[in-house]
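Engineer: Below are the structure tokens for one structure; questions will follow.
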Amino acid sequence: MIQANGLLVRAFERDDTATVVRLLDADFTWIDAHGVLRSKEEVLQGLPPIAAAAGAGADKSGAGGDLPAGKSAATHKPASGIWSDAKVTEHTYGTAGVILVARGKTHILRVWVKRPAGWRLLHINEINQLAQAPAGDAAVPSEAGVVTPCVNPCKSVPFTPPTPAEQAALSSWQAMETGSAVRDMDAWGREVTDDCLIVDSAGSDPLSKADRMAKTLKQKENGVRTNEAVPLVMARMFDFGDTVMMVSEHQPYSGKPYWATRLWSNRDGHYQMFISFHTSIEDVPAFALSGQLPDK
């Protein structure tokens with residue numbers, strides 16, 4: 001997986017379309033730092049045709065800094081993550097694996113899957129976090145001050161996972177969100193691994209499990225009213241056996257919608273979340289669903 005990852009990021013840097021085509025999974029999706037989700041076909045539109053790319057041997061690596069802004073869908077490509085000062089970690093879970101790249105406020109998640117032909121990149125989620133913490137230091141910034149009964153996602157969601165592993169992961173997530181909605185951090189924590197990583201584009205720093213629990217409990221102690229369970233709009237899940245991934249869209253009660261990438265691992269028969277990346281969709285207006293709800 002590490003070797004395939006190295007080949008792919010350099011192929012993007014050099015516009016090596018043939019290698020990119022070979023290493024991207026057929027179900028590949030990519031969420032960039034602006035909240036734009038693209039398929040494999042859409043990403044390949046930003047690369048030169050294979051015949052033209054074959055003769056282009058120039059090495060364009062070394063493009064450091066934060067993720068590029070303001071590029072069109074036809075030209076924007078995933079950030080390479082080839083930075084000398086970046087922190088890179090990798091974890092393999094059977095036929096699935098993740099590579100995490102962190103540099104300053106930039107965070108990149110790559111999810112790989114082992115196919116019969118070798119490792120293929122299934123998903124990318126890129127995030128640029130805020131320079132400073134948002135006001136109120138809320139665990140879920142967009143939901144501060146929102147109070148409403150949690151129906152979606154706690155009790156019902158517009159999605160039915162097809163496999164037993166996906167069903168178990170979704171049930172675990174709903175139990176986690178139910179705990180989050182009432183700020184029962186013991187219930188929430190049972191569904192999350194101790195080494196869980198949470199990265200939100202509405203926050204300024206990654207959160208650990210302990211960080212997330214502490215923020216919520218602090219709000220609770222201070223009497224801050226909030227609902228931390230954000231409704232689900234749509235989802236797609238991937239079953240790797242003891243590892244499950246969900247890519248989903250959520251609409252906060254107040255604010256912009258966002259994409260989420262979550263991964264669960266089967267720990268002794270219990271699926272627990274170990275990664276959660278949330279990327280706001282920038283090019284849409286904020287939506288005040290909270291103003292349409294009765295005050296209960």
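The values are calculated or read from the model by the stated rules, or taken from the named source; none is laboratory data. Note that the coordinates shown come from a computational prediction; the quantities given were computed from them, not determined experimentally. Because the Cβ atoms are built from the backbone with ideal geometry, glycine has one as well, and the counts that use them run over all protein chains shown.
Quick grid of which residues meet (1) on the phi > 0 side of the Ramachandran plot; (2) in a strand (DSSP E or B); (3) in contact with an Asp or Glu (Cβ under 8 Å, 6 or more places away or on another chain):
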| residue | (1), (2), (3) |
| --- | --- |
| Val151 | no, no, no |
| Ser156 | no, no, no |
| Gln167 | no, no, no |
| Ser172 | no, no, yes |
| Asp195 | no, yes, no |
| Ala202 | no, no, no |
| Glu249 | no, yes, no |
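Engineer: State whether one or more residues within segment 85-95 are of a type in the set (A, V, I, L, M, F, W, C) and either crowded, with 20+ Cβ neighbours inside 10 Å or modelled with pLDDT of 50 or more (or both). Can you show your working first?
Structural biologist: Just the residues of segment 85-95 that are of a type in the set (A, V, I, L, M, F, W, C), to begin with: 86, 88.
Pick out the ones that are also either crowded, with 20+ Cβ neighbours inside 10 Å or modelled with pLDDT of 50 or more (or both) and you get 86, 88.
Yes; the residues of segment 85-95 include at least one that is of a type in the set (A, V, I, L, M, F, W, C) and either crowded, with 20+ Cβ neighbours inside 10 Å or modelled with pLDDT of 50 or more (or both).
Engineer: Could I ask something else about it? From Trp264, Trp188, Trp259, grab the single residue that is without any contact (Cβ under 8 Å) to a residue 40 or more places away in the chain and either in a loop (DSSP other than H, G, I, E, B) or not charged (D, E, K, R) (or both). It would help to see each step written out before you state the result.
Structural biologist: Details: Trp264 fails: without any contact (Cβ under 8 Å) to a residue 40 or more places away in the chain; Trp259 fails: without any contact (Cβ under 8 Å) to a residue 40 or more places away in the chain.
On inspection, the qualifying residue turns out to be Trp188.
Engineer: So which residues in segment 267-279 are part of a strand (DSSP E or B) and modelled with pLDDT under 95, if there are any at all?
Structural biologist: In the first step, residues of segment 267-279 are kept if they are part of a strand (DSSP E or B); the result is 267, 270-279.
Scanning segment 267-279 gives a single hit, Arg267.
Engineer: Let me ask another. Suppose we filter Glu228, Glu221, Glu249 for residues that are within 23 Å of Asp184 (Cα to Cα) and free of Cβ contacts under 8 Å to residues at least 60 places away in the same chain; which single one remains? Don't jump to the end; show me each part of the working.
Structural biologist: Numbers: Glu228 fails: free of Cβ contacts under 8 Å to residues at least 60 places away in the same chain; Glu249 fails: within 23 Å of Asp184 (Cα to Cα).
On inspection, the qualifying residue turns out to be Glu221.
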